[in-house]
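Structure first, commentary second.
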Amino acid sequence: MLRTDLLGTITQDERDQIKRIYMRKMALVELVSSLGNTNNDLYEKVLADLAQAAESMESWWDAVQSKYGWKVAPGAKWYADFQKCQVSALHEEQGRDVLVDEGR
Amino acid sequence: MDDQGYKLGTWLEGTEGSTFNITFVLTQDCNLSCGYCYISGKNTAGRMTFETAKKAVDYCLGLNIPEEHVVWDFIGGEPLLEVELMDQICDYIKVQMYRLSHKWSDRYSFSFTTNGVLYDTPAVQRFIQKHYHHLGVTVTIDGTKEKHDMHRRFRDGTGSYDIVSKNARLWISQFPDAATKVTFSSPDLPYLKDSIAHIWDMGIRNVAANVVYEDVWHDGDDDILETQMRELADYAIETGLWKTHVCLLFADGVGKKLGRTELNRNWCGGGAHMLAIDHLGKIYPCVRFMGYSLVNKKAVVLGDIFSGIDTDKLRPFQALDVPSQSSQECIECDVSGHCAWCQGYNYDTAKTETIYQRATAICKMHKARVRANDYYFARLANVRDQRIPARHKKTLYLVTGGNAVPICSYRTSAQASGMMSADTFSRGLEYAARNFLHSVVLQPIAGQPYALPPGALGWHAILAGTQSTIRPDIVVYDNRVPEATEAPVSVLLLDRRNVSRLSDLTGEILPVTNRLVVALRDVHGFTESDTAAYETQLDLVSAQAQRCLHSKEINIITDRLWLSEMHNCGAGVTSFALGPNGLLYICPGFYYSDPDRAVGSLETGVNQQLVELCKLDRAPVCKGCAAYHCRRCVLDNLEHTGELNIPARSQCVTSHLELKRSVSLRSEIPDGTWAELCQPFGVTSLDPLDRIVAGYSSRQVNPQKE
C-alpha cells in the first residue's frame, strides 16, 4: 500500500525542466533494451548519457527540495505530477513494490 | 477531476506541443472480419518487410518536419499479427534517432490500435513491457456483447467479445488512462447508451466515440442518437461518472460557432501533419487514401521512400482550411464546432477527383449531438449549482406576459396583458432547443416565475427588487437601484429625465455584475441640454470603466474597444422573441408595440423575408459606420424613419457620443496593459448619413464621369 503526502507546488518552468529530463532518461532506459548485439558501439555512450540524465534529475530534486524546504521521512519516494505541477512523497507500507518513474 | 471540475465534456489529454504522425501499414491481414471496417480490400499479401521499414524510418528521419513530437503508429489490418516485426521496427527507430541525435529521440511515442484478440499473448506482452513508457495502446471494444458482436466477428461469424473483454481488462490494468474507440453506425445506435456505460463499467474511463461519416443514416436516426446521448448524460449525472469519465461524444466545444482561427484550420491532419507508408514503401497522406480504403477512387500516392515525396502533391493537403472545402451552409453554420470529417472519405465521395469537397452525410447526426450536448451541459450546471452556460450565440426571448420584465429600451404595454401558457412556454423551449437558440425567460414582474426544466439551455431575467425564487442571470434596473443583485449581466433602463443620474446608478450596479448594458429611452426626444448631460455622464462612466477594465464591461463605453466589426443588438438576425400568444417577433419590443407585427410562429418558424432588412448588409447608413457597439435598434428605426434598416439621427448621434468617449478611453489606457488588444479607431461626423449624402452630392456634381 502507498501513502501519499502532498509536499507542494512547483512552477511551470520547474515542471518543464523535470519533464524534459524525465523524457530523456526514459528514452535512454528504453533504448538500452533495444540495443541488442549489433549496437555494441552505442552501449557505452548510452550508459554515459543515462548516468548524466540521472545526475540531472538528482540535481533538480536537490534544487527544489532546497528551494522549498521540503522534508521527507527516510525511504519515501518523491513524485512529481506533471499536470498539476505538484510534488508528493510516497511512503511504502507493508512490503509492496513501488514503481515511481517520475521521482527518485 | 480536471481544473474545470468535470471530465465528461472535456477532451482527452494529448501531447503538449505539435505532433507529427507516421503510420506504418504493417499488414493488410486481419484475424477479424468486422462489418463496418473501412478496409475494403483486406488481404494477406501486403506484409511490410523489415528492410522496407528500415528504409522508411531512414527516409522519415531525414525529412525536415517541423513538429516537435512524433507518433510512430502501427496499423493493419491487425498490427499484432506482426508484433515481432513491430518490435524490430521500434528498436530500429530508437537506435537511429539516437545515432542521429534527432530532435525526436526523446520526444516520441509508439502507438497501435488493436482488436485485442492477441493482446495477452507472450509476444505482445513482451513488446509492451519493452516499450512501455513510450507506448500508447488502443483496444477497440464496441460496448455490450450484443453491440460488439454485431460487427466485430471472426471470419467464421462468431463474435470476439468474450476474448476481447478479457484482454481489455488486462490492457486497462496496464494502461489505466488509455482510451478505447467506439464507432456507431445506423443499426447500433439504439445500443449507444448501454454500450458506453458498459465500457465505463469495465474500468475503461476514456471512450473516443463517434458516428461514422458515411452516408448510412435513415430518417429518425438523429432522434435516436439524441435520445441515447441524453440517456447517457442522465446516467453520468446520476452515477457521478461525469467527474471522472470521458466520452468524446460530449465536449464543451461541440456546437460552438467556429471563429476565424478555427475556420483557417482543417479538422483532419492527413498529409499536413501525418503520413502513411505501406508495405511497398509508397507514401500516402493517411491510410484512408490507400487503395484498400477507397471504394470509388484510386489511391493518392505522394511518393515513395526510395525517390521521396512529390511536394507539389502535398500542397493541396497543406492548404486545406474550412471555407475552401465547405458549402456556404457549412461555413455559416451556427453549430459547426466539432463537426468532423474524414479527408479520405470526402475524396472518395467527391463528384470529381478532389479533396476539396466535404461530405455532409453526418450533418443531421452532428446537430443531434449538439442538442444532446446542450442538454448535458445544462444538466451538469444544474447538478453543480452553477449557471447554465450560454452555448449558442443566438437567443430566443420568452416574453411571459404583459408584465414581463423589459430587457431593453422598449416599453411594455397594457394591450398585451395575457400570460404565456405552460404549453406555449414548453413548446417555446423545445423550439429554442431544436434551433440552437439560447432561451432567456423574461420573468413576470409580479407573480409566479416560470421554471426551466432540468436540461433546458436558458437564462432568467428578473427586475431588480422582485421577490423571486429564481436565481437571475440578468437583472434589470428600471431607472433606480432598489437592491443591487449579483448577476453576470445587468441592464439599466434609463429614461431621458434621469440621464444626469447615469453614473450614480452605474456606480451602484458595477460591483455586482460582469457586464452592464445601459439602454437609453426617449433618445428621440433628447434636447441639447440632454445631450450635454449625457456627454458629461459618459466621462464619469468612462472613469468607472477604466478602473475595472480587466474584469467588467459597460456596453456604451468598453464594447467598442474590443470590437473589430459591427456587433449590434442582433434583433431579427441573432435574436428573436416569443410572445405569450405563441407568435415569433423580431424582439420583445415589437410584440409590445403591435402584437400583429409577428414574423412567424412556433409551427412555421421565422419568415426570413420579414426580417431581411434587419441584416447589417441591408442597412446603408450603418454598414460603413465606425460605431461598432451601437445597438442599431431596428424597432427605433421603424418607429422613427418607417424603415427597419434606416436609423433616426438621434440614435446615430447618441452612439457617436459614446464612440467619442471610447476613443478617448482608448488613448488613456497605459501602454503594455490593454492598449495593444484594441485596434485604433476614430470618429469624424456624429451621423454616418452625412458621409453618404456627401458622397451622393459629389457624384451629382460630375455625373458625366460615372
If you check B:650, B:593, which single one turns out to be surrounded by fewer than 21 Cβ atoms within 10 Å (Cβ to Cβ), under 14 Å from residue B:571 (Cβ atoms) and more than 28 Å from the chain's Cα centre (by Cα)?
B:593
Considering the range A:3-44, residues that are within 24 Å of residue A:74 (Cβ to Cβ) and among the basic types (Lys, Arg), and then whichever is farthest from the other protein chains (Cβ to nearest Cβ), we arrive at A:3
Look through the range B:107-130, keep the residues that are of a type outside the set (D, E, K, R) and more than 19 Å from residue B:73 (Cβ to Cβ), and return whichever of them is nearest to the other protein chains (Cβ to nearest Cβ).
B:129
Would you tally the residues in the range B:91-101 being of a type in the set (A, V, I, L, M, F, W, C) and facing chain A (nearest Cβ under 7 Å)?
1
Any idea how many residues of the range B:174-196 are over 25 Å from the mean Cα position of the chain (by Cα) and in a helix (DSSP H, G or I)?
5
Condition first: of a type outside the set (S, T, N, Q), assigned to a helix (DSSP H, G or I) and within 14 Å of chain A (Cβ to nearest Cβ). Can you find one or more residues in the range B:149-156 that meet it?
no
Return a yes/no flag: does the range B:295-302 have any residue that is at pLDDT below 95, farther than 21 Å from residue B:190 by Cβ, small (Gly, Ala, Ser) and surrounded by fewer than 19 Cβ atoms within 10 Å (Cβ to Cβ).
no
Could you figure out which of (1) away from every other protein chain (no Cβ under 12 Å); (2) touching a Leu at 6+ places or on another chain (Cβ under 9 Å) isn't true of residue A:75?
(2)
Checking the condition assigned to a loop (DSSP other than H, G, I, E, B), away from chain A (no Cβ under 14 Å) and crowded, with 19+ Cβ neighbours inside 10 Å, which residue from B:217, B:200, B:104, B:171 passes?
B:217
Among the residues of the range B:62-83, are any closer than 25 Å to residue A:24 by Cα, part of a helix (DSSP H, G or I) and away from chain A (no Cβ under 14 Å)?
yes
Within the range B:588-630, residues within 17 Å of residue B:644 (Cβ to Cβ), part of a loop (DSSP other than H, G, I, E, B) and among the β-branched types (Val, Ile, Thr) come out as B:599, B:621
Please verify whether the range A:85-93 includes one or more residues that are of a type in the set (A, V, I, L, M, F, W, C), within 13 Å of chain B (Cβ to nearest Cβ) and under 16 Å from residue B:105 (Cα atoms).
no
Any chance the range A:3-16 includes a residue that's surrounded by 15 or more Cβ atoms within 10 Å (Cβ to Cβ) and part of a loop (DSSP other than H, G, I, E, B)?
yes
The range B:131-146 - residue that is within 14 Å of chain A (Cβ to nearest Cβ) and assigned to a helix (DSSP H, G or I) and, of those, surrounded by the most Cβ atoms within 10 Å (Cβ to Cβ):
B:134
Sort out which residues of the range B:149-207 are over 26 Å from residue B:233 (Cβ atoms) and either acidic (Asp, Glu) or not assigned by TED's automatic domain parsing to the domain that holds residue B:32 (or both), and write them in order of number.
B:149, B:156, B:162
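The rows are residues; the columns are (1) under 24 Å from residue B:108 (Cβ atoms); (2) among the acidic types (Asp, Glu).
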| site | (1), (2) |
| --- | --- |
| A:26 | yes, no |
| A:38 | yes, no |
| A:44 | yes, yes |
| A:47 | yes, no |
| A:53 | yes, no |
| A:70 | no, no |
Give the residues of the range B:235-286 that are of a type in the set (Lys, Arg) and assigned to a strand (DSSP E or B), sorted by residue number.
B:282
Identify, from the list B:234, B:278, B:252, the residue that is among the acidic types (Asp, Glu) and surrounded by 24 or more Cβ atoms within 10 Å (Cβ to Cβ).
B:278
Residues that are more than 8 Å from every other protein chain (Cβ to nearest Cβ) and closer than 16 Å to residue B:92 by Cβ: does the range A:45-65 have at least one?
no
Mind checking whether some residue in the range B:67-84 is more than 34 Å from the chain's Cα centre (by Cα), surrounded by 17 or more Cβ atoms within 10 Å (Cβ to Cβ) and without any contact (Cβ under 8 Å) to a residue 40 or more places away in the chain?
no
Residues (touching a residue at least 60 places away in the same chain (Cβ under 8 Å) and closer than 30 Å to residue B:305 by Cβ) located in the range B:250-277
B:266, B:267, B:268, B:269, B:270, B:271, B:273, B:274, B:275, B:276, B:277
Can you pull out the residues in the range B:571-597 that are over 15 Å from residue B:428 (Cα atoms), modelled with pLDDT of 95 or more and small (Gly, Ala, Ser)?
B:571, B:572, B:589
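The values are calculated or read from the model by the stated rules, or taken from the named source; none is laboratory data. All of these numbers come straight from a predicted model, not from anything done at the bench. Virtual Cβ from ideal backbone geometry, glycine too; neighbours counted across all protein chains shown.
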